2 protein chains.
Amino acid sequence: MTIPELSATLDRSACERLDRDDDLRAFRDEFILPPETIYLDGNSLGARTKGAAERAQEVIADEWGTGLIRSWNTAGWFDLPAKLGEKVAGIVGGETGSTVVTDTTSINLFKAASAALKMQSAAAPERRIILTQRENFPSDIYMLQGLAEQLDDGYEVRLVDDEEVTAGFPNSMTDEVALVVLTHVNYRTGRLFDMETTTSAIHAGGAMVIWDLCHSAGALEIDLAGSGADMAIGCTYKFLNGGPGSPAFIWVSEELQNGFSQPLSGWWSHAKPFEMSPDYAPAEGIRRYLTGTQGIVSMSVAELGLDIANGVDMATVRQKSLALSDLFIDLVETRLAEHPIEVVTPREHAHRGSQVSITHPEGFAVMSTLIERGIIGDYREPSVLRFGLTPLYIGFTEVWDTVEALRDILDNRLWDAPQHQVRGAVT
Amino acid sequence: MTIPELSATLDRSACERLDRDDDLRAFRDEFILPPETIYLDGNSLGARTKGAAERAQEVIADEWGTGLIRSWNTAGWFDLPAKLGEKVAGIVGGETGSTVVTDTTSINLFKAASAALKMQSAAAPERRIILTQRENFPSDIYMLQGLAEQLDDGYEVRLVDDEEVTAGFPNSMTDEVALVVLTHVNYRTGRLFDMETTTSAIHAGGAMVIWDLCHSAGALEIDLAGSGADMAIGCTYKFLNGGPGSPAFIWVSEELQNGFSQPLSGWWSHAKPFEMSPDYAPAEGIRRYLTGTQGIVSMSVAELGLDIANGVDMATVRQKSLALSDLFIDLVETRLAEHPIEVVTPREHAHRGSQVSITHPEGFAVMSTLIERGIIGDYREPSVLRFGLTPLYIGFTEVWDTVEALRDILDNRLWDAPQHQVRGAVT
C-alpha cells in the first residue's frame, strides 16, 4: 500500500478508493467511535473496543456478583496477568512465558530498572550512570531519578538528545554506564528508534537496556527477543486499546528472567502466595515481576484490545500506518504550504512511529479549534500538534478531511477567537 | 444492639426478630448477592454494589467511548484519586486533603515506608530496624524485606508476635527501631489492635508507625488523625466493597505531608505533570503520593462502595458487627461444643475485628463442604476457618444458619468425602 505521487494526483475521492481497498477496513468494526468524530489521539488513549461494556458487565455481574471470592480461581482472575502477558508477548515479539500485564508503566520501569541495576552492580560495580533520552516520556525520567536517589549509592541519571541515541551514543557511552532506558518512539515528535542496532550499541558499551514500548506496541512490528533487548515495559491503553489507564506490561529476556530480583516483592510475586509464609521467596518465572492484587475490571476489559492486536498482521498495520503518515505529511506540505508549519516527525520510514507531529506558533489555539470540530488530536508544549494514526480505525479519507479542516482554520484564522486560547489541562 | 443471655434463650426466630429490628437492614439493598448464598467472605472480597455494572457501562460507553481522551478532564478521571481519597478519609478519620486512592496496598506501603525511613534517616540515622507483626499480611512483610534489601544500608525487618504489640513492645522497642508497620486487624485470627495506645507506645520509643487498614476500613470506627498515627494504607475491596482488586489508598498525617518524599515518583506526582519537564518536582499536598496512570474503570466502580460506607454511621456498623460475632462465637461454643473446635478470635470486643476465626483439624474439608452448600467463608493455613461478618449485608439469621450448617456437617462427618479434600488455591 503505497501512495504514488501523492500531491500531484490525490483528491478526496482517491482517499475514498484507498479506504475501500484497505485490507484492515474490517477492523474498524471492532471499535465503537462517536459519530462525526475523527479520532487522532489513539496514541494517547485508544478507542473503545466493541465488547468492552459487555465484558465489564460480565465481570461485575457474573464473576464478582455471583462467583464472589471463588472467581479468583474459577474465573481465572489470579492468572490474568500471565494470560494477558502471553497476548502482549504475541504482539511485541516476546517468547512464551516472558511477559505479564500488571501495575503501571512507571511501576514496571521501577521494577525493571531496579533489577537491572542490581545485576550490573554484581557484575560491574563501577557502572553507576543511567542514560535516558531527554525527551523520553517524563514519567520514565522521574522514576529513574527516584530510584537513583533512593539507592543513594552514586547513581546518576544523565539525559541525552535523540541524536545521541541514533548515532549510537558516541559521546555518552562510557564504562560508567550501567543502564540505558529508551522510549521506542518519542511521544512528542513521533521519532522511532531502531531497536536492534541501538540495543547492539548499548551492549557493545557494556550496558543493559530497557525499552519503553508505550508509543509503539500495537502500532508496528516489534521483535523483542530477536533484537537482543534485556527488558521492556509499556502500557496497554494507547495503540493496544485497553481502556483508560488499563494495566501495563513488563517483559524480561529469557536469559535474565531467573536472575530478575525486584524490590516491589509483594505476595503476587511469591513462590507460594497462599502459604502465607513470613519469608519471601520469589516465584520461578514471570510471576516474580508481580507485586499486589490487580484491578480485575480494568484488566479484563484490556484483554479485548490485546485480542484485536493479536488477530492482525502487524506488518500490514505498519504498512498502512506509514501510508497514512506519508499522506498526512504530504498533504500538510502541499496544502498548508503558505502557513508557518513545520513537520517535526521524521520523513524516513525507519525513524517514524505511528503519528505525525507538526508545529505552529498558535498550536494550542489551532488544536482547540480542530477539537471543537470533532477532529481530536492533542497538543504538547511547545507548539506541537500531535496526530496519532491508528491503522485499525483510521482511514485515508479522515486524514484528507483533517488536513482540509486545518487549512480552513488556518486560511481563515478561525483559531483566533477567545475561547480557543483558554488553557486547561490537556492530556 | 446487644444479645442478652444468648445461648439460653436464642433460637432462629429470635435471630429473625433481631434482623427485623436491625437499623442497617436497608443497606442490604445496596448490594446484589446471589440467591441461596450466605456470603461470609466480605473480609476478603466485598459484595457487588448495586450500581456497579451501570457505572462501568457509563465509564466505558460515555466517558471512554464518546468522551475519549477529553474525559481525562471532562469526566474528572485525573482527579479520581483525590476525589475517592476524600471519601476514604471520611471513613477512616483522615483530614480533608490527606488521602488518595491509587495503586495497590503493597505499592502504597513501599511509598509510605520509603518516605518514613527517609525522614527517620535524617533525624535519627542510627535507627535501622523495622518492626512488624509476624502475622501481618505477608505481602506487607515481603514489601518491607524488599525495601530493606534495596536500601542495603543496614536495615533489618524484625518480626514480633501479636502479644508483643498489645503489650506495648516491651522486648522489641529499642532506640534502633525506625519504623513499625502494623496491620490493624490480624487477617487470620481477627485480632484488633488499639490504634491510639499502640501509636503512643511507638512514638514514645522514638519510632514512626504505618497502619495497614485492609482488614478494618469500613468495618469499624477509625480515627487516624485523632490517634496520632503517622501514615496508613489499605485496600478498598474488602469491607469497602470496591470490587475485585480495586485500587488501594494511602493517608499521611498533616504534619508529615509536605515532608513526604517517595521513590515511585511518576508523573502523576509531579507539581506540573503536563509541562513535561525533565526535572522532577513533587506536587504540593496529596498528589505527591501518586505515581502513574490509574485503571479508571476499576477506580470508578470502587467509588460506589466508598459512597455506601460514607453514608452509614460507622459506630452503628461496629455495634452490629460485634453483636454478630458475639452471636457467632456463642453459638459455636454452645451448639458445636462436642467438636474439636477452637475460637481463635479474641472474646474482648476491644481486641476483635469484624470476623470470627475458628480452628478444626479438618478445617479445609469442613470449609469446602460449607462452600458447596452456598455458605462462603474461607480457609487459611493452618486449620483456620474464617467467617467475615459484614454488617451492611449480613444478618443474625445467616449467622444462625451458618452454625447450624456447621453442626450438620460436623455431627454427620459430611466433610469426610473425597471431593472435599482436594486442595486448590483458596484465596
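Some observations on this one:
- Principal semi-axes in Å for segment B:348-427 [√(5λ), Cα gyration tensor, largest first]: 22, 15, 12
- With a 1.4 angstrom probe, the accessible area lost at the B-A interface totals about 6900 Å².
- Comment: the Cα-to-Cβ extended label point of residue B:228, at 7 Å, lies 6.1 nm from its counterparts in the other copies, nearest first.
- With both labels modelled 7 Å from their Cα along Cα-to-Cβ, the residue A:161 to residue A:372 distance reads 3.8 nm.
- Other-chain or far-sequence residues with amide H under 5 Å of residue A:384's (modelled H): none
- Area accessible to solvent at residue A:347, 1.4 Å probe radius, in Å²: 110 Å²
- Note that segment B:236-252 has calculated 3J(HN,Hα) couplings of 10, 9, 9, 5, 9, 6, x, x, x, x, 4, x, 8, 10, 9, 10, 10 Hz, one per residue in order, obtained from phi through the Karplus relation 6.51 cos²θ - 1.76 cosθ + 1.60 (θ = phi - 60°); glycine and proline are x.
- Among A:258, A:43, A:171: highest mean-square fluctuation, GNM of chain A, C-alpha pairs under 10 Å: A:171
- Cα centroid separation - segment A:111-145 against segment B:81-123, whole Å: 26 Å
- Distance histogram in 10 Å bins (all Cα pairs of the protein assembly as shown, percent per bin): 2, 13, 22, 24, 18, 11, 6, 2, 0, 0
- In this structure chain B gives 33 Å² per residue of accessible area when probed at 1.4 Å with all protein chains present.
- Theoretical FRET efficiency, 1/(1+(r/R0)^6), r = Cβ-Cβ of residue B:256 and residue A:404, R0 60 Å, to 0.05: 0.60
- Against the main long axis of the alpha-carbon atoms of chain A, helix A:296-310 sits at an angle near 60°.
- Distances, shortest first, from the label point of residue A:278 to those at the same position in the other copies read 4.7 nm; the point lies 7 Å along Cα to C-beta.
- Compactness of segment A:131-247 as Cα Rg over 2.2 N^0.38 Å, two decimals: 1.04
- Label point 7 Å beyond Cα along the C-beta direction, distances from residue A:37 to other copies (nm, shortest first): 3.4
- Residue-wise HN-Hα coupling along segment A:282-291, computed from phi with Karplus coefficients 6.51, -1.76, 1.60 (Hz; x: Gly, Pro): x, 4, 6, x, 5, 5, 6, 8, 7, 9
- Built amide H within the under 5 Å cut-off of residue A:415, gap 5+: none
- Across all directions, the average projected area of the convex hull around the alpha carbons of chain A is 21.8 nm².
- Counting only DSSP beta bridges with both residues in segment A:54-310, the antiparallel share comes to about 35 percent.
- Three-way shape call for segment A:241-297 based on the alpha-carbon gyration tensor, with the a/c threshold at 1.5: oblate
- Phi-based couplings in Hz for segment B:350-359 (Karplus 6.51, -1.76, 1.60; Gly and Pro marked x): 5, 10, 10, x, 10, 8, 10, 10, 10, 10
- By the helix-only formula, in which each DSSP H run with n ≥ 4 contributes -39500 (n - 2.57) and the sum is divided by residues, the protein assembly as shown has a 222 nm mean residue ellipticity of -11000 deg cm²/dmol.
- Placing a label point 7 Å from the Cα of residue A:348 along the Cα-to-Cβ direction, the residues of segment A:193-208 whose backbone N falls under 13 Å from that point are A:193-195, A:197-198.
- Residue A:23 paired with residue A:175, simple spin-label distance in nm, labels 7 Å along Cα-to-beta-carbon: 4.9 nm
- Beta bridges per DSSP with both ends in the protein assembly as shown, % antiparallel, nearest 5: 55 percent
- Among the protein heavy atoms of the protein assembly as shown, carbon and sulfur supply 47% of the accessible surface, probe 1.4 Å, non-protein parts ignored.
- Sequence-distant residues sharing a close amide H with residue A:209 (under 5 Å, placed H): A:180, A:230, A:231
- Potential lengthening of the chain between residue A:73 and residue A:422 amounts to 120.6 nm, from the contour at 0.36 nm per residue minus the alpha-carbon distance.
- Prolate/oblate/rounded label for segment A:50-178 (Cα gyration tensor, a/c 1.5): prolate
- Residues of segment A:342-360 with amide N under 19 Å of a point placed 7 Å along Cα→Cβ from residue A:413: A:360
- Taking each of A:83/B:50; B:83/B:111; A:50/B:50; B:50/B:238; A:50/B:87; B:83/B:272 in turn, the alpha-carbon distance tops 22 angstrom for A:83/B:50; A:50/B:50; A:50/B:87.
- Average Cα contact separation per residue, segment B:54-310, under 8 Å, 6 or more apart, as relative contact order %: 23 percent
- Taking Cα atoms only, the orientation of helix B:80-92 departs from the longest principal axis of chain B by about 50 degrees.
- For segment A:187-319, alpha-carbon Rg and Dmax in angstrom: 16.7, 52
- Result for chain A in a Gaussian network model with C-alpha springs under 10 Å: among A:98, A:325, A:265, the largest mean-square fluctuation is at A:265.
- With Cα atoms, 0 to 90° folded angle of helix A:396-411 axis to chain A main axis: 60 degrees
The values are calculated or read from the model by the stated rules, or taken from the named source; none is laboratory data. From a predicted model like this one, the values you see are computed outputs, not experimental measurements. Because the Cβ atoms are built from the backbone with ideal geometry, glycine has one as well, and the counts that use them run over all protein chains shown. Please note that ligands, DNA and RNA were not included when accessible areas were found on the heavy atoms of the full protein model with its side chains. Shrake-Rupley method; radii C 1.70, N 1.55, O 1.52, S 1.80 Å.
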